[in-house]
Amino acid sequence: MERHGFIKDMLDVKVLILYVMSRVEFPASVQTIYALCLQDDRLTYFDVCEAVPQLVETGHLRDVGNKEFEITDAGREVCEVMQETVAVPVAKRAKKAVEEYNLNVRRSNLIDTKVTEKEDGMCTVRMTLSDGSSDLMALELTAPSLSQARKLERRFRQRAERVYQKVMQEFITRDDDPET
């Protein structure tokens, strides 16, 4: 059975990678690049693993450390010329995947958590939500165990905005407050 898709050869793989990386706002690992490029049935993980080092060697991607990569000016120039060769449905899906990725990374960068174990086995969990320039909220809770501290940390990362909104709502719009 013949597989259908945009990817026909390694050049198509490289163009798709450059298309994606020109839209990514943060350095990305090979796994992330693959996930964002996986908008075509013919693309394989091994294609991406082969193409990324070649793009680094030719100066189109740069290794920024921690096994993460970003596009170079040369890569952007090639992408400008070649992006029209990416099939429209693949380009749309890739663009949407990149937008979601950028949003998730931006959000993750605004949330910070730190667990500190105490001598008595208890743990302090410090959780902050930032607007990018200063903390909107800093919350410190004590958990009776490391596993519960990690659970608080995970849940805060998932729901930081909701926690902030509920705290603000609770303190600002109380029915029993004579000043409102």
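The values are calculated or read from the model by the stated rules, or taken from the named source; none is laboratory data. Just so it is clear, the model here is predicted, and its values are computed rather than measured. All Cβ positions, even for glycine, are placed from backbone atoms using ideal geometry, and neighbour counts span all protein chains on display.
Descriptive notes on the structure:
- Residue within region 32-41 that is in contact with a strand residue (DSSP E or B) (Cβ under 7 Å, 6 or more places away or on another chain), farther than 30 Å from GLN148 by Cα, at pLDDT 95 or above and among the aromatic types (Phe, Trp, Tyr) present: no
- Candidates LEU152, LEU141, filtered to the one that is more than 30 Å from PRO27 (Cβ to Cβ) and not assigned by TED's automatic domain parsing to the domain that holds PRO27: LEU141
- Checked against (1) modelled with pLDDT of 95 or more; (2) in a helix (DSSP H, G or I); (3) more than 20 Å from GLU25 (Cβ to Cβ), TYR101 meets all criteria but (3).
Residue-by-condition table, conditions (1) on the phi > 0 side of the Ramachandran plot; (2) assigned to a helix (DSSP H, G or I):
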position	(1), (2)
GLY59	yes, no
ASP63	no, no
ALA91	no, yes
LYS95	no, yes
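- Failed criterion for VAL86 (all others in (1) buried (at least 22 other Cβ atoms within 10 Å of the Cβ); (2) in contact with a strand residue (DSSP E or B) (Cβ under 8 Å, 6 or more places away or on another chain); (3) farther than 27 Å from ARG107 by Cβ hold): (2)
- Residues in region 39-76 that are surrounded by fewer than 17 Cβ atoms within 10 Å (Cβ to Cβ) and of a type in the set (A, V, I, L, M, F, W, C): 5 in all.
- Among the residues listed as GLY59, GLY65, the single one being in the same structural domain as ALA35 (by TED's automatic domain parsing) and either within 15 Å of ARG23 (Cα to Cα) or under 18 Å from the mean Cα position of the chain (by Cα) (or both): GLY65
- Of all residues in region 104-129, those that are farther than 14 Å from ALA160 by Cα, touching a helix residue (DSSP H, G or I) at 6+ places or on another chain (Cβ under 7 Å) and surrounded by 15 or more Cβ atoms within 10 Å (Cβ to Cβ) total 2.
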